[in-house]
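Read the structure below first, then the notes.
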Amino acid sequence: MGWKERKAVRKKIASERINELLTLADLSKDDEVLSTNSIKTAVAISRRHKIRIPQNYKRKYCKKCFNLFIPNTTVRIRTGKGKITITCLKCGHIKRIPYTKEKLIKNNY
Ligand SMILES: [Zn+2]
């Protein structure tokens, strides 16, 4: 097996691991420490292997403190004039997404 194939295999394993960790985080909503740690590990793996976190998971956690977003519990989502505001209730990190971009994202995926 050449290095290119080995690299592909390693990436495949890493992305499977990321998916497992994100699923685990989703399933362990009641356990804040476990869900946060799962997300942290998934992000660490994605950085190490230069793999992107799946698009559908990107909005599910806080980029700053890796808090799992549970609407009305750990996150506040407001839609306003042409934008969506996502506030992490754990660290206060605010993310604003313009509506137009949101539509683009939805159309692309
Ligand atoms: Zn946060």
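Against the chain, whose longest principal axis comes from its Cα atoms, helix 3-27 is set at around 40 degrees. A cut-off of 5 Å between modelled amide H atoms, ignoring neighbours fewer than 5 places along the same chain, links ASP31 with no other residue. Considering only THR85, ASN19, CYS65, the residue lying farthest towards the positive end of the dipole of segment 3-108 is THR85, judged by Cα position with unit charges set on Cβ.
Keeping the other protein chains in place, figure out the carbon and sulfur percent of the accessible area of the chain, with a 1.4 Å probe. Write down the numbers at each step before the final one.
On the way: 4200 of 7910 Å².
Carbon with sulfur: 53 percent of the solvent-accessible area.
Checking the Cα-Cα distances for LYS60/LYS95; LYS11/LYS64; LYS29/LYS81; LYS11/LYS90; LYS29/LYS63; LYS7/LYS60 against a 23 Å cut-off, the pairs over it are LYS11/LYS64; LYS29/LYS81; LYS11/LYS90; LYS7/LYS60.
Keeping every protein chain present and rolling a 1.4 Å probe, give me the accessible area per residue for segment 3-108 in Å². Could you put the intermediate results ahead of the total?
On the way: 7550 Å² over 106 residues.
Per residue, segment 3-108 has an accessible area of 71 Å².
Label reach from LYS7 (point 7 Å along Cα→C-beta): in segment 31-69, amide nitrogens under 19 Å belong to 45-53.
Rg over Rh for the chain works out to 1.04, both radii taken from alpha-carbon positions and Rh defined as the Kirkwood radius.
Relative to the longest principal axis of the Cα atoms of the chain, helix 32-48 runs at roughly 50 degrees. Annotation: amide H-H contacts under 5 Å for VAL75 (H modelled 1.01 Å from N, sequence separation of 5 or more, or interchain): ILE70, LEU89. For TYR61, the residues 5 or more places off, or on other chains, whose built amide H falls under 5 Å of its own are PHE69.
The values are calculated or read from the model by the stated rules, or taken from the named source; none is laboratory data. Nothing here was measured: the structure is a model prediction, and the numbers come from that model. Virtual Cβ from ideal backbone geometry, glycine too; neighbours counted across all protein chains shown. Note: areas computed on protein heavy atoms with side chains; ligands, DNA, RNA excluded. Shrake-Rupley method; radii C 1.70, N 1.55, O 1.52, S 1.80 Å.
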